[in-house]
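Here's the structure we're looking at; comments come further down.
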Amino acid sequence: MATTILGIESSCDETAAAVLVDGKLHANIIYQQTEHKKHGGVIPEVASRSHINRIVNVVNKALTKANIDKKQLDAVAYTQGPGLLGSLMVGSSFAKSISYSLNIPVIPVNHMQAHLLVHFIDDGFKKPEFPFLGLNISGGHTQLVKVNTFFDFEIIGQTLDDAVGEAYDKIGKMFGLEYPAGPIIDKFSSKGNRVFNFTKPKVKGLDFSFSGLKTNVLYFLRKEQEKNKNFIRENIFDLCCSCQTTINEILIEKLEKAINLTSLNNVVLGGGVSANKGLRKDLNGLNAKVFLPKISYATDNAAMIALVGFLKYKNGFFGSLTDEPIANMKI
Ligand code: KG4
Ligand code: ZN
């Protein structure tokens, strides 16, 4: 008998549902909320309301696309955390009501673990070998993780302030770009050159820092705009390329250090920033076997939630109707 899992993701500003049958993806529906574009960041209250409006439709679409009747589901997995509490509550309550009405197990999933384990979807590609080095780079997290098994994660380095995606989005806001700015900076970078030099932080060990770069860019823009008020508009491509190159160097330098310190040579990328084209190119120079997620698995999605749900189902790790969402859940 096939094992069919419905995954639900609602931790931030994507409402997503996926259907996984025996580890193979049959549907992956993502609704990216557009309400936040003009605000330069996600407004939590708006995000929760948007999840409520979309979730029924998104789940129905996933079941229809997979050609699955809800009675065929063996379990429902959902993002328990980390994320925005109000957003998490929508997905978790919806998953629990499906579990209750269909009398099937409900499985809580850690979003950050899912970003790294999405590589194990049965898609015919070679899989990372345990233990491996994970680099999670998203809007809320920047963390180096030693992954020993599917269920054993150890943080060996993390940001001391802003996450790398947050830095992209805040710097983009200074440039006058819409949220999320990461993909726009990525696109503009390819049209520019590294003309401006921004300082890289000096952080010990395997930790990261991105707030200094953000301040550096802010003061630089203020100074240049005093001389030329059109400075950003006239130099947007070079500004994007200069910032992106600096960020990518910070990430690659830490990865190299982590590879040397741990002797792990399977490196697995996860999170929205791993979609960055410049970074993907630079990773080729690493002395390790690098696993990059498909773009649709890099940014937030429910396929990764369904996959961890499947792994937990196989190992008998179930949740209960009284589990609560955990906004600051650790990996
Ligand atoms: O993993 P994700 O979808 O959501 C979180 O869990 O936070 O990551 C979203 C972040 C945003 O900050 C967005 O600007 C960034 O990923 N991002 C990118 C790219 N695509 C998304 N950053 C740089 N280059 C990209 N191509
Ligand atoms: Zn994420």
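Averaging Cα coordinates gives a centre for region 228-252 and one for region 262-331; these two points are 28 Å apart. Per-residue packing, averaged as other Cβ atoms within 10 Å, sorts the ranges 18-24, 265-271, 284-290, 134-140 into the order 134-140, 265-271, 18-24, 284-290, beginning with the highest. Packing around the peptides 89-98, 210-219, 225-234, taken as the average count of other Cβ atoms within 10 Å per residue, puts them in this order, highest first: 89-98, 210-219, 225-234.
In the context of the full protein assembly, residue 174 retains an accessible surface of approximately 50 Å², using a probe radius of 1.4 Å and ignoring ligands and nucleic acids. Normalised per residue, the accessible area of region 202-292 is 49 Å², obtained with a 1.4 Å probe and no contribution from ligands, DNA or RNA.
Of the listed pairs 127/214; 173/277; 294/330; 191/330, which have alpha-carbon separations greater than 31 Å here?
Cα-Cα > 31 Å for 127/214; 191/330; rest within.
Of 259, 230, 211, which is farthest on the positive side of the dipole of region 132-293, counting Cα position, with +1 on Lys and Arg Cβ, -1 on Asp and Glu Cβ, and the Cα centre as origin? Of the candidates, 230 comes out farthest on the positive side. Placing +1 on each Lys and Arg Cβ and -1 on each Asp and Glu Cβ, with no other charges, gives the chain a dipole about its Cα centre of roughly 620 debye.
In the chain, what percent of the accessible surface is made up of carbon and sulfur (1.4 Å probe, ligands and nucleic acids excluded)?
Numbers: 7780 of 14960 Å².
Percent of accessible area from carbon and sulfur atoms in the chain: 52.
The calculated 222 nm mean residue ellipticity attributable to helices in the chain amounts to -13500 deg cm²/dmol, summing -39500 (n - 2.57) over DSSP H runs of n ≥ 4 and dividing by all residues.
Here each label is just a point 7 Å from Cα along the line to Cβ, and for residue 85 and residue 323 those points are 2.0 nm apart. Extension gain, residue 24 to residue 69: 0.36 nm times the residue separation minus the Cα-Cα distance gives 14.5 nm.
By the rule of a C-alpha distance below 17 Å, with chain neighbours fewer than 8 residues away ignored, the lysines paired with residue 254 are 146, 200, 202, 204, 281, 289. Inter-label distance, residue 234 to residue 193: 1.7 nm, where each label sits 7 Å from its Cα along the C-beta direction. List the residues of region 53-77 whose backbone N lies under 12 Å from a point placed 7 Å from the Cα of residue 32 along the Cα-to-Cβ direction. Answer for this model: none.
The values are calculated or read from the model by the stated rules, or taken from the named source; none is laboratory data. These numbers were taken from a predicted model, which means no experiment stands behind them. Cβ sites come from the backbone with ideal geometry, for glycine too, and all protein chains shown count toward neighbours. Protein only, heavy atoms only, side chains kept; ligands, DNA and RNA dropped before computing areas. Shrake-Rupley method; radii C 1.70, N 1.55, O 1.52, S 1.80 Å.
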